[in-house]
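Structure first, then comments.
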Amino acid sequence: MSPQETVFRLLTLYFIIFMEYNFSEIERRWQEAWAKGAVYKVDNVSEKPHFYVLDMFPYPSGAGLHVGHPLGYIASDIYSRYKRLRGFNVLHPMGFDSYGLPAEQYAIQTGQHPEKTTMENIAHYIEQLRKIGFCYDWNREVRTCDPDFYRWTQWAFSRMFNSYFDPKTQKAQPIAKLIAEWEQNDPTWPKLSEREQQERLMHHRIAYLADQKVNWCPALGTVLANDEVSEGLSVRGGHPVEQRVMRQWCLRVSVYAPRLLEGLDRIDWTESLKETQRNWIGRSEGAEMQFRIKGRDDAFTIFTTRADTVFGVTFMVLAPESEYVQQIVTPEHKEEVDAYLNRCKHRTERERIADRKVTGVFSGSYAINPLTQAEIPIWISDYVLAGYGTGAIMAVPAHDSRDYAFARHFSLPIIPLIEGADVSEASFDAKEGKMINSGFLNGMEVKDAIQAMKEYITNTGIGRVKVNYRLRDAIFSRQRYWGEPFPIYYKNGMPYTLPDECLPLLLPEVTNFKPTETGEPPLGNAPMWAWDEQNRKVVDKKLIDEQTIFPLELCTMPGFAGSSAYYLRYMDPHNEEALVGHEANDYWRQVDLYLGGSEHATGHLIYSRFWNKFLYDLGYVCEDEPFKKLINQGMIQGRSNFVYRYIGEGATGNLYISYNLIDNPEYKDKVQPIHVNVNIVHNDVLDIDAFRKWMPEFRNAEFVFADGTSYDDNPYLAGPKQYICGWAIEKMSKSMFNVVNPDDVIAQFGADTLRLYEMFLGPLEMSKPWDTNGIDGVHRFLKKFWNMYETIEDGEPTPEELKSLHKLIKKLTWDIENFSFNTSIPALMIAQNELYTLKCHKRAILEQLAILIAPYAPHIAEEAWHRCGHDTYVVDAEWPECNEAYLVESVQKYPVQFNGKVRFTLECPKDTPKEEVEKLVLAHEDTKRYLGDMQIRKVIVVPGRIVNIVMG
RNA sequence: GCGGCAUUGGCGGAAUUGGUAGACGCGCCAGACUUAGGAUCUGGUUCCGAGAGGAGUGAAAGUUCGAGUCUUUUAUGCCGCACCA
């Protein structure tokens, strides 16, 4: 190479580097500029219409973000940026759900304070999020473990403690109102002692203490909520969970069941999510009835949805936990019953679910069927649940499969009540047919019979119509350290709230995060943990005298406490007077769009609706539903890669066979798949060098390559030597080596590519595997997009250029409004291709294009916008309007079908009348050919669409 | 068992109101440039068939001039709930 040539080459190289799409430089530069210019800061005062876009805030785990987390964040970011371009004042905040078990368990294992690890994890998360280029207003960040935040969690709890639910108005009210009412109208009230009064109030408070059968997890040393337990194991950690009765704080969520159900009709959530909540709330309409006990004065109450079947009741069943059991058991049966109860008590929920054998025991007592006056035996069995209905049922074996199984097992009578129902093999559970054996109901349809019976029992006073809900109160105590302390102290064993002005009650320092030796929760280890009522401050617990200094609550609040109202705090995060100021709340009102995973359907999303309705009742917030529209993003699964170790004859354990060869006879069933780190595999081709360096055991790995050879000394001379990996879709997890970190993707391709690619993968709501195989295509698109801005020319755009642009405007506008982000990326690619073909470098087109891509790829858009000569930020531009005039075609193409099969395309001028189109088609030279010797029956012309010739 | 969602090329997916199924991207094939290619560019790529043509959206039936789209039945997968009276 001559010196001249060398210089020329270097210059060319320099030019290429200079002009090349240098994403890391562009992204770093604009991220800094946005931060410096406070570009994403949002004001609560604005002339603009408001819009609130919220992501479910993450728990900052030690593992950092993986590529699945940002999926929803990117979608909401696109929407936020679009709304801002559309002239809205957009609230788009982010924060951290930073109390929780993992940090505490890590603390127990390592002695590191959970606060320290939590803060480090948050810092890592922020750094990762920052690199993706989200338009969050970080000024509004909240952290649930921050005293300035949990002050309001404690405040809300105090409000719940000091409120009751008024059944008449179906609203929460200050408990002072109830006390005032009793003072006026209830002569027994003033006679009660302070303690008795407190006990009575406890039955009405929204936040109350009660002995509860709880899910106790010995391994975690804490109580878990129902949704934190799955199949008898803790969701976090998989430890066994058992039933135990403990005194716990509870939230009276169940009283809100009707409103939680009704509210679903007024919010724009997916049907599946609403259905899940309806299911969870579990409304059933039925009747409550009294069954007298033979030989006694009292009766017990049952709940049934099949009032029509009373004539077929042949026995009664009580739940083992029912309070009636001890009252009705006869001396002869006591021993047997006690043995059964004992067995039930020791069976964990898990065993009960796993074992479906019919079990039960006869109590010795009989009840009287209120309609037939027949004597029916009362049994006890654990297939009846204490927590649902009244814990007692009337059994109708002919028409309920569980009752049927029970009756069969214990040889109890079965009376069919519906004409033609065959109950010799199974019960007839369907609610249809004509009634028989049912006295005055005979001949009626089931539906009418239910109605008639309801009227009958109401009129005769043996029962009443009743709606029942499955939803139970939430247990709100956790025997943990890393959570919000309750603003509660105990005077004579009764709880009292700390004055609001004394909040936050700070989480005390402890040196040991485990339960105390006496089995108290970890806060029992805190020396400074007593309340001085007179001086209104936390003092050493040695000073407790039960006169002025009292013990503080030792439990902390559960994970869902901090996440139940965080969306309100973002509206007004620095307000020191209120959770959210009225002015800020009146402006933002509610979350307009909430994005998150469907796994929160029955936990967080029920609790925060409850919490919000409670605050609404007391007038603290102006909307009774927190989240107007909600979209679930799908999960991102992992895509694992495998290498295949040869284990056949003469195996050294060091030879790996390319995936395409493993079914060959010589290797079939002689290879063992081994997970390989997906980060050293590109398009399913293994990076040999990286593999050998990955782990010591692969250092001397040898290969049979895709072409069947093993020679790899110099791949350049021998042609491409590729080792192809196999693959499988699995959960994204460290052990499968398929975790992809967004930082790595950003380092290799840039944040804009990551954002585009995550959207390009498929519809937002669907789960899909993270498959890096397609990412090159998206990155190539951005490179080509970048090249269009190499030179920028002035001049009038041509009609073709305008058509491309406006087609894109129309498409993207529709896509974003309909959350169809995956289809936007192809639209952008098509526009880029068209404009490239047209060699378009016109400013008028390119600057609009920069705005259009801005929500999706904000960094490249910002750079492009500035290249077009602007010195404002692209987020402050205006979203372009589609001008339909540019999209009008001068010719109309008609696909012409013969009996529904497309044969040719007819071109005719736009707006050719229907009759004219028909004439043109019939005159077309090909028509005769396709018609053959058949007759035309009918010609259908859909203007602007299609022509179909029906022949026969 | 109940409820919800899904099923389209080798792969991810598109088809927005019932109107040319397979857009766009990956991969693959061929070519150009190149010392080289995990770079770039051009063309091709649903299947069967040399071709004309035929088949085709998990399966079966139906409505319709016309169905991936609507209806019914059914299979498979995913998610949620579950002795809920």
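Numbers for the structure displayed
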{"read-out": "Per-pair calculated FRET efficiency, R0 = 25 Å: A:E183 and A:R283 via Cβ, rounded to 0.05", "value": "0.10"}
{"read-out": "Point-charge dipole on Cβ atoms (K/R +1, D/E -1) for the stretch A:591-700, about Cα centre, debye to 20", "value": "200"}
{"read-out": "Table column - 3J(HN,Hα) (Hz), the stretch A:46-59, Karplus curve with 6.51, -1.76, 1.60, x for Gly and Pro", "value": "7, 7, 6, x, 9, 8, 10, 10, 10, 9, 5, 6, x, 8"}
{"read-out": "Inverse mean reciprocal Cα-Cα distance (Kirkwood Rh) of chain A, Å", "value": "34.1"}
{"read-out": "A:K668 accessible area, assembled protein chains, probe 1.4 Å, Å²", "value": "100"}
{"read-out": "Hypothetical label at A:I729: residues of the stretch A:641-665 whose amide nitrogen lies under 17 Å (7 Å Cα-Cβ projection)", "value": "A:641-642"}
{"read-out": "Listed residue (A:I450, A:A430, A:G463) projecting farthest to the positive dipole end of the stretch A:424-496, Cβ model", "value": "A:G463"}
{"read-out": "DSSP beta bridge pairing in chain A, given as percent antiparallel to the nearest 5", "value": "80"}
{"read-out": "Dipole of the stretch A:449-559, positive direction: furthest Cα of A:L506, A:Y490, A:P558, with charges on the beta-carbon", "value": "A:P558"}
{"read-out": "Potential lengthening between A:A430 and A:K542 on full extension [0.36 nm per residue; Cα-Cα distance subtracted]", "value": "33.8 nm"}
{"read-out": "Virtual spin-label span in nm between A:Q534 and A:E697, 7 Å along Cα→Cβ", "value": "7.1"}
{"read-out": "Value of [θ]222 nm, deg cm²/dmol, for chain A, DSSP H segments ≥ 4, -39500 (n - 2.57) each, nearest 500", "value": "-10000 deg cm²/dmol"}
{"read-out": "Among the listed pairs A:K131/A:K839; A:K670/A:K731; A:K213/A:K514; A:K171/A:K537; A:K731/A:K784; A:K131/A:K734, those beyond 25 Å (Cα-Cα)", "value": "A:K131/A:K839; A:K670/A:K731; A:K171/A:K537; A:K731/A:K784"}
{"read-out": "Mean projection area, nm², convex hull over Cα of the stretch A:885-952", "value": "4.4"}
{"read-out": "Solvent-accessible ranking of A:M571, A:M246, largest area first, probe 1.4 Å", "value": "A:M246, A:M571"}
{"read-out": "³J(HN,Hα) computed for each position of the stretch A:300-312 - Karplus, 6.51 cos²θ - 1.76 cosθ + 1.60, integer Hz, glycine/proline x", "value": "10, 9, 10, 10, 9, 9, 10, 4, 5, 9, 4, 5, x"}
{"read-out": "Note, ³J(HN,Hα) from phi for the stretch A:479-489, Karplus 6.51, -1.76, 1.60, rounded to Hz, x at Gly and Pro", "value": "8, 10, 8, 7, x, 6, x, 6, x, 9, 10"}
{"read-out": "Candidate residues A:Y570, A:Y490: accessible-area rank, largest first, probe 1.4 Å", "value": "A:Y490, A:Y570"}
{"read-out": "Size of charge dipole - the stretch A:763-853 - debye, nearest 20, with Cβ of Lys, Arg +1 and Asp, Glu -1, no other charges", "value": "140"}
{"read-out": "Given charges at Cβ of Lys, Arg, Asp, Glu: chain A dipole, positive-most of A:G900, A:A728, A:N89", "value": "A:G900"}
{"read-out": "Straight-distance crosslink candidates among lysines, where the alpha carbon sits under 21 Å from A:K901 and sequence neighbours closer than 8 are dropped", "value": "A:K893, A:K914, A:K919, A:K928, A:K938"}
{"read-out": "Prolate/oblate/rounded call for the stretch A:238-315, Cα gyration tensor, a/c under 1.5 rounded", "value": "oblate"}
{"read-out": "Amide H contacts of A:I415 (H built 1.01 Å from N, under 5 Å, at least 5 apart or other chain)", "value": "A:A398"}
{"read-out": "Solvent-accessible surface ranking, highest first, for A:R306, A:R843, A:R195 at 1.4 angstrom", "value": "A:R195, A:R843, A:R306"}
{"read-out": "Area accessible to solvent at A:H675, 1.4 Å probe radius, in Å²", "value": "50"}
{"read-out": "Long-range HN-HN contacts of A:H682 with modeled amide H, under 5 Å", "value": "A:D687"}
{"read-out": "Potential extension, A:Q935-A:A690 segment - 0.36 nm per residue separation minus Cα distance", "value": "81.2 nm"}
{"read-out": "Dipole magnitude (debye, nearest 20) for chain A, charges at Cβ of Lys, Arg, Asp, Glu", "value": "1160"}
{"read-out": "Per-pair calculated FRET efficiency, R0 = 60 Å: A:R28 and A:V891 via Cβ, rounded to 0.05", "value": "0.75"}
{"read-out": "Amide H partners (placed H, <5 Å) of A:V671, local residues excluded", "value": "A:I647"}
{"read-out": "Summed residue charge, Cβ within 15 Å of A:V337's Cβ, Lys/Arg positive, Asp/Glu negative", "value": "-4"}
{"read-out": "Full-extension gain in nm, A:H204 to A:E120, via 0.36 nm per residue minus C-alpha separation", "value": "26.0 nm"}
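The values are calculated or read from the model by the stated rules, or taken from the named source; none is laboratory data. Quick caveat, the model's predicted, so the values are computed rather than measured. Virtual Cβ from ideal backbone geometry, glycine too; neighbours counted across all protein chains shown. Surface accessibility is based on the protein's heavy atoms, side chains included, excluding ligands, DNA and RNA. Shrake-Rupley method; radii C 1.70, N 1.55, O 1.52, S 1.80 Å.
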